[in-house]
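One structure is given here, and the rest of the page talks about it.
The values are calculated or read from the model by the stated rules, or taken from the named source; none is laboratory data. Just so it is clear, the model here is predicted, and its values are computed rather than measured. Methodologically, a virtual Cβ is constructed for each residue, glycine included, from the backbone with ideal geometry; neighbour enumeration extends over all protein chains shown.
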Amino acid sequence: MNQLIYNLKKPVDRRGQRDWVHKERAIENAGRAFAAALPDWFIDQATIIAMPPSKSRNDLRYDDRMERILHRLQAIKPCDVRDLLIQDASREIPAHDGDRPGPEALAQGYRIDERAIEPTPRVIGLLDDVLVTGSSFKAAQSVLQASFPNIRVVGVYVARRIFAPADFGFEPIQNDDQ
């Protein structure tokens, strides 16, 4: 999984280099994995959107990997894929690096693309590569629910960060009741 995420996050300035094929393969594999993993009832009911990356569309560093994964999914299993959530300005520090902004700060950078709101979604699946703290998801969820107050927004991820267990210097006490 680490290698898949590493290749998905390969920066766009690597395009045209020998290692770019690994990013293309990762996008293909992630699209196929979602097609295999998402149940038909979800595909039939959901509007699936990509989590906007940290860079805006007019930034040379903009990475459309999540949109491309969605288009691969859609090619395998026809589904309602829309470009509904937009990031207007680039963030210099992606949410997965260093000092993470909170959901309120992230939400200020998102907006709904009014051209993509019809038909009204029944449920929204928000696709992202990695769930780290959930701040980006909570920010996007709040913006989406402001426009669609009665619509459930669920996160769909390639992977999630797993934190190592804390080392307290001793073994936990075993309780027969646990």
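Considering segment 25-47, the residues that are over 19 Å from V130 (Cβ atoms) and of a type outside the set (A, V, I, L, M) include one that is nearest to the chain's Cα centre (by Cα), namely T47. When both residues are 6+ apart or on different chains and their Cβ atoms are under 8 Å apart, which pairs have a first residue that lies in segment 48-77 and is small (G, A, S), and a second that is assigned to a helix (DSSP H, G or I)? These pairs meet every condition: A50/M66; A50/E67; A50/I69; A50/L70; A75/G31. Residues that are surrounded by fewer than 18 Cβ atoms within 10 Å (Cβ to Cβ) and either aliphatic (A, V, I, L, M) or without any contact (Cβ under 8 Å) to a residue 12 or more places away in the chain (or both) within segment 79-89 comprise I86, A89, listed in sequence order.
Residue by residue, here is whether (1) of a type outside the set (V, I, T); (2) surrounded by fewer than 20 Cβ atoms within 10 Å (Cβ to Cβ); (3) at pLDDT 90 or above holds:
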position: Q3; (1), (2), (3): yes, yes, no
position: P11; (1), (2), (3): yes, yes, yes
position: R15; (1), (2), (3): yes, yes, yes
position: H22; (1), (2), (3): yes, yes, yes
position: A26; (1), (2), (3): yes, no, yes
position: W41; (1), (2), (3): yes, yes, yes
position: Q45; (1), (2), (3): yes, yes, yes
position: L60; (1), (2), (3): yes, yes, yes
position: E67; (1), (2), (3): yes, yes, yes
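Say we look at segment 95-147 and pick out the residues that are of a type in the set (D, E) and more than 25 Å from I27 (Cβ to Cβ); which of these is surrounded by the fewest Cβ atoms within 10 Å (Cβ to Cβ)? So, considering only residues that are of a type in the set (D, E) and more than 25 Å from I27 (Cβ to Cβ), the one surrounded by the fewest Cβ atoms within 10 Å (Cβ to Cβ) is D99. Remark: L126 falls outside the filter, which requires a residue to be within 22 Å of P103 (Cβ to Cβ) and either modelled with pLDDT under 80 or assigned to a helix (DSSP H, G or I) (or both).
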